[in-house]
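Okay, so here's the structure we're looking at.
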Amino acid sequence: MSDLFEAAGLTPPAPHPLADRLRPKSLDEVIGQDHLLGPEGPIRRMAQARRLSSMILWGPPGSGKTTIARLLATAAGYEFQQLSAVFSGVADLKKAFETARGRRAAGQATLLFVDEIHRFNRSQQDGFLPFVEEGIVTLVGATTENPSFELNGALLSRCQVFVLRRLDEAALNQLLAKAEAHEARALPLEPAARDALIAMADGDGRYLLTLAETLFNIVPGEPLSAAALGQVLQKRSPAYDKDREEHYNLISALHKSIRGSDPDAALYWLARMLAGGEDPLFIARRLVRAASEDIGAADPLALVLANAARDTYDFLGTPEGELALAQLTVHLACAPKSNSVYKAFSAAQRAARETGSLGPPEHIRNAPTRLMKELGYGAGYQYDHDVEGGFSGQNYFPEGMERRSFYRPGGEGAEARVRERLERWATMRAARRD
């Protein structure tokens, strides 16, 4: 609240941050979200029709969620009311709904903007439902988290979800041009330093303007080089949340790059996760899984190396042990691939469920007692090492169950030789059965 001196105009107004001063005044000025706000964009069409639906704006920090909500209310003629899930509770929600109900009675629609809506618990989210359904408020929720994981299905079913994109290089350059026009001077940067500044922002427009404001406040001198810029400004850590969607997106990208035999992409995602502070042992566990699931019998050594890399990291720690994870990542990406064992085991599990408790045939049952031998346990068993060729071709499936083929090795790496042996044994088995 203003004091008496400020009210009387005796004190200068507090300066506003550059990002606030450059906040768009209309939807046309919003940068980087043309898929939503362009001539055919869904939000643009709603604004032109002046009829808004409840929606969730999902996007990274600095992509314009709050700005779009505010401008959307203005364009559609709605009263804008804002809450933050970080600072608001049930009492604040009740007050907002009652105020909106009063406006509605007077013929005025309300756009209720809830920032960080995913921070409301499930019960609080349920509290929105009757007011959204009745049309007392048009809800616009903003979140940086995947709504599928963080919001109630009932609330999601009443809202459209619009995905905002991180600002690309072209959009960030536009923002810098606007900042320079506003300040009526160029940023004191060499071209390479300008590129480095954009990279520092990591797609966050608000953060870019914060960095630019710092540079504008520097005493003018020679333009800064990229190296000098790094001394003036600190590069923030890349956006990464170790227990939410980005955590799973990046480990999935690493695993699929390995499966796709792309060591360069795999190393990139490994480096991204480590730079974001991921637990290297979490990565090591996924690499062990990839060795078993995607390389399998095509390179039996892969699983041994995966466990060795995990043990190496355990022994050396960071940063030395990270090299072992990188070495393993390259080996797995370059190794021949096979999921034959994975598929075979899945098929065997289905067969086990289907056939219930069928016992093994008598000739391969254990017979440690006289009674068991008298009952025929072990009778007729052929010791394969004593048979010519080391292969008896006997039946090892339960009696009454047809033989099934689960494991079908591929033609890559060690499995090519395995396939040859299995084909030879299948021929011998068929001949001995005849």
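The values are calculated or read from the model by the stated rules, or taken from the named source; none is laboratory data. All figures in this text were calculated on a predicted structure; none of them were measured in a lab. All Cβ positions, glycine included, derive from the backbone under ideal geometry; neighbour counts span all protein chains shown. With ligands, DNA and RNA removed, areas are computed over all heavy atoms of the protein, side chains included. Shrake-Rupley method; radii C 1.70, N 1.55, O 1.52, S 1.80 Å.
Return the residues of segment 367-388 that are within 30 Å of Met428 (Cα to Cα), open to solvent by 100 Å² or more (accessible area, probe 1.4 Å) and in a helix (DSSP H, G or I); say none if nothing qualifies.
Within segment 367-388, Lys373, His385, Asp386, Glu388 qualify.
Note down all Cβ pairs under 6 Å where the first residue falls in segment 409-421 and is over 16 Å from Cys334 (Cβ atoms), the second is open to solvent by 50 Å² or more (accessible area, probe 1.4 Å), and they're at least six residues apart or on different chains.
Pro409/Arg419
Confirm whether Glu420 is out of contact with any strand residue (DSSP E or B) (no Cβ under 8 Å at 6 or more places or on another chain), under 30 Å from Ala298 (Cα atoms), among the acidic types (Asp, Glu) and surrounded by 15 or more Cβ atoms within 10 Å (Cβ to Cβ). Can you show your working first?
Numbers: out of contact with any strand residue (DSSP E or B) (no Cβ under 8 Å at 6 or more places or on another chain): yes; under 30 Å from Ala298 (Cα atoms): yes; among the acidic types (Asp, Glu): yes; surrounded by 15 or more Cβ atoms within 10 Å (Cβ to Cβ): no.
So Glu420 does not fit the description; no.
For Lys235, work out the one condition from (1) open to solvent by 60 Å² or more (accessible area, probe 1.4 Å); (2) at pLDDT 90 or above it doesn't fulfil.
All conditions pass for Lys235, except number (2).
Closer than 19 Å to Ala73 by Cβ and over 27 Å from the mean Cα position of the chain (by Cα), is that true of Ala106?
yes
Considering only segment 177-220, state which residues are open to solvent by 10 Å² or more (accessible area, probe 1.4 Å), farther than 28 Å from Lys65 by Cα and in a helix (DSSP H, G or I).
Result: Pro191, Ala192.
Name the one entry in Leu224, Leu281 that is modelled with pLDDT of 90 or more and not polar (S, T, N, Q). Show your work before the answer.
Details: Leu224 fails: modelled with pLDDT of 90 or more.
Sole residue among the options that is modelled with pLDDT of 90 or more and not polar (S, T, N, Q): Leu281.
Restricting to segment 389-415, and then to whatever is open to solvent by 30 Å² or more (accessible area, probe 1.4 Å) and under 41 Å from the mean Cα position of the chain (by Cα), can you tell me which residue is nearest to Gly356 (Cα to Cα)?
For segment 389-415, the residue satisfying everything is Arg404.
For Leu303, indicate whether it is of a type outside the set (Phe, Trp, Tyr), under 30 Å from Leu422 (Cα atoms), at pLDDT 95 or above and open to solvent by 50 Å² or more (accessible area, probe 1.4 Å).
Working: of a type outside the set (Phe, Trp, Tyr): yes; under 30 Å from Leu422 (Cα atoms): yes; at pLDDT 95 or above: yes; open to solvent by 50 Å² or more (accessible area, probe 1.4 Å): yes.
So Leu303 fits the description; yes.
Which residues, taken from segment 30-46, are assigned to a helix (DSSP H, G or I) and either open to solvent by 30 Å² or more (accessible area, probe 1.4 Å) or of a type in the set (Phe, Trp, Tyr) (or both)? Write out each step before concluding.
Initially, segment 30-46 is screened for residues assigned to a helix (DSSP H, G or I), giving 34-37, 42-46.
Asp34, His35, Pro42, Arg44, Arg45 - these are the residues of segment 30-46 that are assigned to a helix (DSSP H, G or I) and either open to solvent by 30 Å² or more (accessible area, probe 1.4 Å) or of a type in the set (Phe, Trp, Tyr) (or both).
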